[in-house]
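Rule-based calculations on the coordinates, nothing more; no lab input. Keep in mind it's a predicted model, so treat the numbers as computed, not measured. Here the Cβ is made from the backbone with ideal geometry for all residues, glycine too, and neighbour counts use every protein chain on show.
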Amino acid sequence: MILTKPARILYLINSLGAGGTERQLIYLLSQLDRHYFEPIVVTLYNDKLIVYHYRPELLALNIPIYSLNHSSGIFGRIKALLRYIYLIWHFRPQIVQGCLHYANLIARVSRPFCPSHKLITSARAAYLPGEIRSEAYTHWLDTCLIVNSPHIREQMLQNTRRPAHKIQVILNGLPLEDFAENYQPDLRQRLFPEATCVIGVIGRIAAQKDHLTLIEALHLCQDEWPEKLAVFFLGDIAEPEIYQQIIQRIEAYDLQNIIHILEKTANVAPYYHACDFTVLPSLYEGFPNVVLESFAAGKPVMLSDEANRSGIVEDEVTGWQFPVGDAPALASGLQKAWNTPQTSFQSMGQQASLTAQRYSVESMVTQYTRLYNSLRHSKSSNWKGLNG
């Protein structure tokens with residue numbers, strides 16, 4: 001018998017677009033025990049600005065969605081702040097969780113004007129200098145910060161004045177079974193019927209993901225391509241100007257027959273199985289979901305050293321690493337991958353699958369549940385951490 005009411009938790013996130021942070025939130029909410037926790041999701045931006053990719057999943061979970069209808073300009077920010085404060089007073093959550101940097105700031109600066117609640121904020125990627133400064137100036141307004149990799153924790157400790165006990169590391173989780181089985185075994189044949197090598201680049205199209213370096217690398221090693229090479233980009237067009245640069249660069253290097261930009265889809269798992277390995281050239285990452293998903297599908301990953309700051313990819317064991325933004329080095333890495341014997345390739349895929357087993361959604365949800373209960377039962381606003 002449940003003797004206490006479920007703790008209401010309000011999750012504040014930029015949008016419900018098809019991104020890694022949004023996907024992790026869905027994983028968390030899908031297994032959160034609703035006898036003990038009552039989730040509400042609030043987005044900064046409405047679905048007219050950013051499509052609510054994950055609306056069906058939240059509706060299926062019977063989780064309400066509200067929006068601050070944030071718009072540009074100072075008045076747009078003020079209206080969003082006021083609406084957020086209204087929603088906090090209306091729902092009176094015991095816990096608020098900010099899911100990205102800007103959501104963190106709104107939740108922090110509004111907190112003095114809201115009824116009492118514990119505030120969790122999140123850092124899911126390496127912060128830029130301006131973000132570090134705002135973190136240093138505002139962290140005292142929250143209860144704790146969640147980071148998804150140890151290297152982000154170190155960045156926060158070194159560059160802000162946040163106490164160590166107010167930073168908790170909770171690694172990303174993955175529904176491994178959704179990626180381990182190939183539900184569309186004919187997908188590769190349908191997409192690339194003649195290809196002998198298929199490379200997947202899965203993730204939103206944005207400057208951070210640095211597709212341009214990969215295009216440059218493919219151009220540099222054009223004479224070394226395997227026969228009938230195919231490369232596909234799959235993800236939301238988050239920054240249209242970057243998308244246009246990608247199109248222009250592909251045309252300039254005459255790579256239209258090699259690089260294929262596919263329509264985004266909610267069901268990405270079969271696309272990992274359709275490729276031989278994936279590439280993640282990102283300028284920076286926290287704990288990249290793409291790596292876990294690729295591993296769960298038994299595929300090695302080639303990624304930049306900045307994307308591998310979490311150390312999840314072991315060079316030439318579960319993938320390959322190259323210096324960020326270094327197109328010649330990436331070109332050399334691609335040639336190394338193409339020349340890897342099939343038996344070694346299969347071994348790398350098996351090791352990748354084993355690595356993925358460490359990162360389950362169940363483990364992630366258990367850690368969040370422990371944190372929520374610790375906060376819920378803490379009477380003091382000066383929370384001492386899980387071990388405090």
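General remarks:
- Using the Cβ-Cβ distance between Glu239 and Ser363 with R0 set to 30 Å, the FRET efficiency works out to roughly 0.35.
- Size descriptor, Kirkwood hydrodynamic radius, that averages inverse alpha-carbon separations across segment 161-229, Å: 16.6 Å
- With a Förster radius of 56 Å applied to the beta-carbon distance between Leu157 and Arg190, the computed FRET efficiency rounds to 0.70.
- Note on Ala164 and Glu251: with the Förster distance fixed at 41 Å, the Cβ-Cβ geometry gives a FRET efficiency of about 0.20.
- Per the Cα gyration tensor, segment 176-356 maps to an equivalent ellipsoid with semi-axes of 22, 18, 17 Å, ordered largest to smallest.
- Gyration tensor (alpha-carbon) shape descriptor, the chain, a/c threshold 1.5: prolate
- Here segment 274-288 and segment 41-61 have alpha carbon centers that stand 25 Å from each other.
- Dipole check for segment 245-381: with +1 at the C-beta of Lys and Arg, -1 at the C-beta of Asp and Glu, and the Cα centre as origin, the magnitude is about 700 Debye.
- Assigned charges on the beta-carbon of Lys, Arg, Asp, Glu; the chain dipole about Cα centre (debye): 2600 debye
- Of every Cα-Cα pair in segment 32-185, the percent that sits beyond 18 Å: 65 percent
- Taking 0.36 nm per residue of separation and subtracting the current Cα-Cα distance, fully stretching the chain between Ile78 and Leu354 would add 94.5 nm.
- Debye log10 I(q)/I(0) for segment 219-304, one point scatterer per Cα, at q = 0.17, 0.25 Å⁻¹: -0.87, -1.53
- Counting charges near Gln24 (Lys, Arg +1; Asp, Glu -1) among other residues having Cβ under 13 Å from its Cβ returns a value of -1.
- The residue list Ile246, Leu218, Ala356 was ranked by how far each Cα lies along the charge dipole of segment 176-356 toward its positive end, using unit charges on Cβ atoms, and Ala356 comes out on top.
- For Ile167, nonlocal amide neighbours, meaning residues 5 or more places apart or on other chains whose placed amide H falls under 5 Å from its own, are Leu145.
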